[in-house]
């Protein structure tokens, strides 16, 4: 399982999200295509995307009128698994907070730190292989627990689309000048069977005996 935080979900769910930025603050090219390609790749491999409920809450706050649609998409159990912040997450969060305090690190706003720690602690409790987040605080907290973080700038671009095959040979009116049908598939002309001119039962001699006699007598008269 991998984890999506709010920064990825906002890009994935919104049609026109704010541009993502890399670790140096530069805009990430084709950032939405990168996230969409990631989601489709995970879907094809069967890798489940875990959504911590604190991250879901952040997304729904920004959703406005699209809140019901977002809830419907994220409730698709074939692609996403909603992960509540439970007792296991609370234990991991407490350990992370103790680690942060021991290092005397600076804190952001209390609400944001609370959500970020809950997201990272949930990922740890679920033994997630990675957190996909564009939030530098989540990346910092995840490193404390040795959880890899993938920023949008780390994602590969989708491969170029294959061009359609080029048709070869004559096309349009030119095709009518060529008979492309194989000889064995060409229809053979239908011809009527030959019939004998002699009726059935009649001898092959076209001259009957009476005709022979008549010719014989006629020839004799001529000689006479």
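The values are calculated or read from the model by the stated rules, or taken from the named source; none is laboratory data. Source: prediction; values computed, not measured. In this analysis, Cβ positions are derived from the backbone assuming ideal geometry, glycine residues included, and neighbour counts consider all displayed protein chains.
Below is a table of values for the structure above.
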{"item": "Yes/no for residue 40 being in contact with a strand residue (DSSP E or B) (Cβ under 9 Å, 6 or more places away or on another chain) and loosely packed, with under 15 Cβ neighbours inside 10 Å", "result": "no"}
{"item": "Hey, residue 112 farther than 12 Å from residue 56 by Cα, assigned to a helix (DSSP H, G or I), at pLDDT below 95 and out of contact with any helix residue (DSSP H, G or I) (no Cβ under 9 Å at 6 or more places or on another chain) or not", "result": "no"}
{"item": "Identity of the residue in the stretch 127-145, surrounded by fewer than 20 Cβ atoms within 10 Å (Cβ to Cβ) and in a loop (DSSP other than H, G, I, E, B), that ends up modelled with the lowest pLDDT", "result": "145"}
{"item": "Some residue of the stretch 162-180 being in contact with a helix residue (DSSP H, G or I) (Cβ under 9 Å, 6 or more places away or on another chain) and at pLDDT below 65", "result": "yes"}
{"item": "Selection count where residues are over 16 Å from the mean Cα position of the chain (by Cα) and closer than 20 Å to residue 66 by Cα, scope the stretch 33-52", "result": "2"}
{"item": "Test result for residue 80, within 33 Å of the chain's Cα centre (by Cα), modelled with pLDDT of 85 or more and more than 15 Å from residue 3 (Cα to Cα)", "result": "no"}
{"item": "Residue within the stretch 16-34 that is touching a strand residue (DSSP E or B) at 6+ places or on another chain (Cβ under 9 Å), surrounded by fewer than 18 Cβ atoms within 10 Å (Cβ to Cβ), under 15 Å from residue 151 (Cα atoms) and without any contact (Cβ under 8 Å) to a residue 40 or more places away in the chain present", "result": "yes"}
